[in-house]
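In what follows, a single structure is set out as structure tokens and then discussed.
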Amino acid sequence: MAWAAVSFAGGFTLRIDGAAKSVRFPLPGNVFGLSWEHSVERTEWRETYAVGPGGEILLTASTFESAGAGLPERLAGGEVFRLEGGTMRIEGRRVPIADLRVRLSDVSPHLLHVGEMRAVDLNAVFGEGVVTIRVEQEQTRKGGCQ
């Protein structure tokens, strides 16, 4: 199933901080996703995020294969629920996330999706533990060498 979100103008980089290291990824299109196997339901879950014009992270869609733990009780204004081929999706979300904190474990490996074809195994990069995903505005240089 294809996934998309609202894209805003501006150049941003994702910075992911773990206990022992930080990693940065350029963010083409200002949209990224996280996918993982739900630790209780044992089905794939995927969330799509957009970066707002001020660098804020917005949860824009959630896609999942089973109804259960972790689902919102009700849809917020503007959200739409879709069921296609056994896959459920909540679209039209605009949930602001201050710091996106993700617990990585062998029970529920996480993939970061940036760009159209790139998926990064966060568990392989950081191991078990908590990582924080933040957005930084790309710095552009004007003129010659500095």
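The values are calculated or read from the model by the stated rules, or taken from the named source; none is laboratory data. What you see is a predicted model; the values in this text were computed from it and never measured. No Cβ is skipped: glycine too gets one built from the backbone with ideal geometry, and neighbour counts run over all protein chains shown.
Table: residues versus (1) more than 22 Å from ARG15 (Cα to Cα); (2) of a type in the set (D, E, K, R); (3) under 18 Å from the mean Cα position of the chain (by Cα).
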site: ILE57; (1), (2), (3): no, no, yes
site: PRO72; (1), (2), (3): yes, no, yes
site: ARG82; (1), (2), (3): yes, yes, no
site: ARG94; (1), (2), (3): no, yes, yes
site: LEU104; (1), (2), (3): no, no, yes
site: PRO109; (1), (2), (3): no, no, yes
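Residues of the range 14-39 being polar (S, T, N, Q) and modelled with pLDDT under 90, which ones? Show your work before the answer.
As a first pass, look at the range 14-39 and keep what is polar (S, T, N, Q): 22, 30, 35, 39.
Residues satisfying the conditions are ASN30, SER39.
Restricting LEU100, LEU112 to residues that are within 17 Å of TYR49 (Cα to Cα), touching a helix residue (DSSP H, G or I) at 6+ places or on another chain (Cβ under 6 Å) and at pLDDT 90 or above narrows the list to LEU112. Every test in (1) of a type outside the set (Asp, Glu); (2) exposed (fewer than 12 other Cβ atoms within 10 Å of the Cβ); (3) within 30 Å of GLU138 (Cα to Cα) is passed by ARG74 save one, and that test is (3).
Do we have VAL130 as at pLDDT below 95 and surrounded by 12 or more Cβ atoms within 10 Å (Cβ to Cβ) here? Considered against the rule, which asks whether it is at pLDDT below 95 and surrounded by 12 or more Cβ atoms within 10 Å (Cβ to Cβ), VAL130 comes out as no. May I ask you to list the residues in the range 88-106 that are more than 11 Å from ARG134 (Cα to Cα) and β-branched (Val, Ile, Thr)? Hits for the range 88-106 are ILE90, VAL95, VAL102.
Out of all the residues in the range 52-68, which are among the small types (Gly, Ala, Ser) and either within 14 Å of PRO96 (Cα to Cα) or assigned to a strand (DSSP E or B) (or both)? Result: GLY52, GLY54, GLY55, ALA61, SER62.
Taken together, the residues in the range 23-51 that are touching a residue at least 40 places away in the same chain (Cβ under 8 Å) and either part of a strand (DSSP E or B) or small (Gly, Ala, Ser) (or both) amount to 18.
Residue count for the range 69-110 satisfying the condition of being closer than 17 Å to GLU41 by Cα, touching a strand residue (DSSP E or B) at 6+ places or on another chain (Cβ under 8 Å) and assigned to a strand (DSSP E or B): 7.
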